[in-house]
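Note sheet for the following structure.
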Amino acid sequence: MAARLRQKYLEEIRPAIMKDLGRRNVMETPTLDKIVVNMGVGEALAEPKALENALGELAAITGQRPAIRKARKSIAGFKVREGSNVACMVTLRGDRMYEFMDRLLNVAIPRIRDFRGVSPKSFDAQGNYTLGVREQTIFPEVDMDAVERVRGMNVTFVIRNTRGADDSRDLLRRFGMPFRN
């Protein structure tokens, strides 16, 4: 069985976008390609166990094993050496992507304290949207008692077949992204 948001996209969102944007071909329609979740773990340099905790939490949140990211260059001010482990990331596609997005929009984001909407300005030139989450504890999959340190993460929605940020914003709004007015 396909994910709920995938069904919604195929049956409701895509036809509506095609009509509104005047696109006749399905392949021209803005489509969610992938979601990349990145969690920086700067304290892993001093405490290697912190990276293991972050990997476990990110795996629980996304349902997929994270990849460890290494520093590309040395930065003396942050005591980072080239090649040291500094982050973990997951790239979600297909049904896992839609299920994660469903949990993010309908379960996690409403749990944010004093939430007033996400920024409508976080689009890049290609129409991709990046959302910063301040703490991983908003996801119900994370065991609150096992959390040693609150960490933030970046969630990037990679959208293809867009002609700028307006197409992407329209697509995400139809999925239920709570943009600030």
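Just so you know, all these numbers are worked out from the coordinates, no wet-lab data involved. Please read all numbers here as calculations on a predicted model, not as lab measurements. Glycine gets a Cβ as well: all are built from the backbone with ideal geometry, and neighbour counts include every protein chain shown.
Among Cys88, Ala2, Asn161, which residue has its Cα positioned farthest towards the positive end of the charge dipole of the chain, with +1 placed on the Cβ of Lys and Arg, -1 on the Cβ of Asp and Glu, and the dipole taken about the Cα centre? Going by the charge dipole, the pick is Asn161. Only one residue of Ile61, Met18, Val147 has its Cα farthest out toward the positive end of the dipole of the chain, where Lys and Arg carry +1 and Asp and Glu -1 on Cβ, and that residue is Met18. Here the gap between Lys8 and Gln64, fully extended at 0.36 nm per residue and compared with their Cα-Cα distance, gives a gain of 17.8 nm. Packing, taken as the mean count of other beta carbons within 10 Å per residue, orders the peptides 101-108, 70-77 from highest to lowest as 101-108, 70-77.
So if a site counts as exposed when it's one of the GluC sites (Glu not before Pro), its DSSP state isn't H, G, I, E or B, and it has at most 16 other Cβ atoms within 10 Å, what's the longest stretch of the chain without one? Provide the component values of the computation, followed by the final result.
Numbers: sites that count: Glu82, Glu135, Glu141, Glu148.
The reported range is 1-81.
Sorting Ile112, Ile35 on the 10 Å Cβ count, fewest up front, what's the list?
Details: Ile112 14, Ile35 22.
Ranking Ile112, Ile35 by Cβ neighbours within 10 Å, fewest first, gives Ile112, Ile35.
For the stretch 17-125, chymotrypsin sites (Phe, Trp or Tyr not before Pro) are listed when DSSP marks them as loop and at most 16 other Cβ atoms sit within 10 Å of their Cβ; the list is Phe115. Hydrophobic, long helices, defined as DSSP H runs whose alpha-carbon span along the helix axis is 30 Å or greater and whose mean Kyte-Doolittle value is at least -0.5, do not occur in the chain.
Here the stretch 61-103 is treated with +1 on each Lys and Arg Cβ and -1 on each Asp and Glu Cβ, and its dipole about the Cα centre works out to around 340 debye. Mean silhouette area of the chain, derived from the convex hull of its C-alpha atoms and averaged over all directions, reads 11.9 nm².
In debye to the nearest 20, how big a dipole does the chain give about its Cα centre with +1 on each Lys and Arg Cβ and -1 on each Asp and Glu Cβ?
Details: 32 positive and 23 negative charges, 110 e Å.
It comes to approximately 540 debye.
Counting lysine pairs in the chain whose alpha carbons fall under 30 angstrom apart, excluding pairs fewer than 8 residues apart on the same chain, gives 15.
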